[in-house]
1. Hey, how many Å between the Cα centroid of the stretch 238-275 and the Cα centroid of the stretch 164-229?
2. Rank Gly368, Ile401, Met414 by how far each Cα sits towards the positive end of the charge dipole of the stretch 355-420 (+1 on Lys, Arg Cβ; -1 on Asp, Glu Cβ) and give me just the farthest.
3. What net charge do the residues around Met241 carry, taking every other residue with its C-beta under 12 Å from that of Met241, with Lys and Arg at +1 and Asp and Glu at -1?
4. For a bin width of 5 Å, list the pair-distance distribution of the stretch 355-420 built from all Cα-Cα distances, rounded to whole %.
5. Could you calculate the FRET efficiency of Asp269 with Ala420 from 1/(1 + (r/R0)^6), where r is the beta carbon distance between them and R0 is 25 Å, rounded to 0.05?
6. Normalise the Debye intensity by I(0) for the stretch 204-306, one equal point scatterer per Cα, no solvent, then take log10 at q = 0.15, 0.18, 0.23 Å⁻¹ and round to two decimals.
7. Is there a quick way to get the dipole size of the stretch 13-87? I mean about its Cα centre, with the Cβ of Lys and Arg at +1 and of Asp and Glu at -1; what is the value in debye to the nearest 20?
8. Remind me, relative contact order of the stretch 355-420 in percent, using alpha carbon pairs under 8 angstrom and six or more residues apart?
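Quick note: the coordinates plus some simple rules give every number you see, no bench work behind them. The model shown is predicted, which means the values in this text are computed figures rather than measured ones. Here the Cβ is made from the backbone with ideal geometry for all residues, glycine too, and neighbour counts use every protein chain on show.
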Amino acid sequence: MIPLILSLLLQAPPDIVVFVLDDVAAADLALYGGPISCPNIEALAGSGVTFTRAYANPTCAPSRRSLLTGHWWVTGNGPPCAAADAHTPTLAEAFLPEALPAYTSGLIGKWHLGGNPYSGLPWEKAPIAHGFDIWTAGMPANVQECGGASYTSWLEVTADASLYSSVISTAYEPSRSKTLFLQGWAVSSSPRLAVVNLNLAHAPFHVPPASVLPSGYQVGQGNRGKFEAMVVAYDHLIGQMLAAVDLECSLVVVVGDNGTPPPVAPAQDKAKGTTFERGVRVPLVMAGLPVNAPGRSESALVHLVDIWATLVEAGSGSVPGGSPYELVGKSLMPYLAGIDHPCPREWVLVGSRWGSADGDIASVRVDGTKLRNLDADGDGVAETLEYYDLVADPGETTNLISDPARGMEIVEHMAWTASALP
């Protein structure tokens with residue numbers, strides 16, 4: 001019998017769809033024991049693999065950069081309607097015809113990764129310069145940036161290799177993104193790569209239109225109720241988009257970019273923007289063609305950087321090596337195929353450096369220990385260290401940094417972090 005992994009690689013390359021949830025922690029979802037039921041994501045998990053120890057960075061842009069490049073990032077970029085960005089090869093570029101089968105690639109929705117890397121060229125073509133064939137329902141960053149004000153007043157970008165435009169749209173952004181995804185998917189030939197970045201459930205918190213909520217859905221109280229309704233709306237839209245995707249010949253990923261926003265988190269000081277678990281532990285579900293024995297959960301330590309390597313291997317059978325593809329990402333294909341496999345990594349790096357006074361970098365080890373490096377003045381030197389045992393103390397309430405029995409562990413964390421920081 002042909003080994004399963006080999007038989008998978010002999011098949012035609014799958015269509016690939018990546019849905020990025022915005023500001024949704026694993027702990028928010030019922031799939032992970034949280035309060036928000038998302039039946040479409042849960043159904044996808046039932047036909048796929050749920051990763052229970054998946055990490056992202058605590059803020060949007062560093063996470064999206066890690067996802068699209070397969071590298072650790074703790075810094076991000078502002079909206080592309082600002083300055084030019086340095087060129088870093090992305091997932092879409094790995095799917096260019098000279099590298100892999102000729103994938104058609106599209107980015108739907110939010111970019112948030114800086115301007116066009118080629119100075120003097122239109123910022124609206126930033127994703128195109130990074131390898132995408134089309135950018136549609138495009139948002140440079142969040143709906144309130146680059147001249148936008150809300151989910152019904154946002155800067156919509158359309159761009160491809162030859163044309164580009166940007167105009168304030170009054171359409172409801174998530175609905176517009178769904179419509180253009182379905183239109184593009186219907187006319188594109190396989191193999192196809194789509195990265196879908198709705199702004200939900202990022203602020204401003206609001207009650208979504210009834211048309212994007214399940215029939216009879218009751219919105220809860222306050223901003224938390226609105227936030228939960230926005231997550232449910234994204235799930236509802238995912239269901240409508242997945243109706244056009246054939247899981248028999250596709251690989252679908254649902255992943256979060258960071259944790260719960262502070263105003264709607266149980267503890268505001270341990271949420272998005274911090275490297276506490278509520279800020280960096282995110283949902284990750286993969287389903288479709290490569291998955292064997294679906295409905296499984298995997299507790300391996302993984303990070304957004306691993307999605308890059310996984311998707312490229314699913315599309316080609318191998319991950320390109322050498323510059324510019326010297327990656328830290330590890331393919332998760334063995335977990336999808338149900339093959340016994342050691343944990344792909346011992347460590348993950350999470351964190352953000354957004355300015356002069358908010359450096360928060362952490363290393364997480366497979367044994368469940370975490371070292372937080374806090375750089376309050378932005379000079380590149382951590383003034384405060386915090387050390388947690390996530391197994392014994394999942395709420396991260398007891399700082400063990402002064403525990404002499406932990407000294408060697410802490411030194412090992414510090415050494416690894418120094419070696420991994422980009």
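1. Result: 13 Å between the Cα centres.
2. Farthest towards the positive end: Gly368.
3. Working: positive: Lys178; negative: Asp235.
Result for the local shell: 0.
4. Percent of Cα pairs in each bin: 4, 18, 27, 26, 15, 8, 2.
5. It comes out at approximately 0.45.
6. Log10 I(q)/I(0), no solvent term: -0.82, -1.06, -1.22.
7. 200 debye
8. 26 percent.
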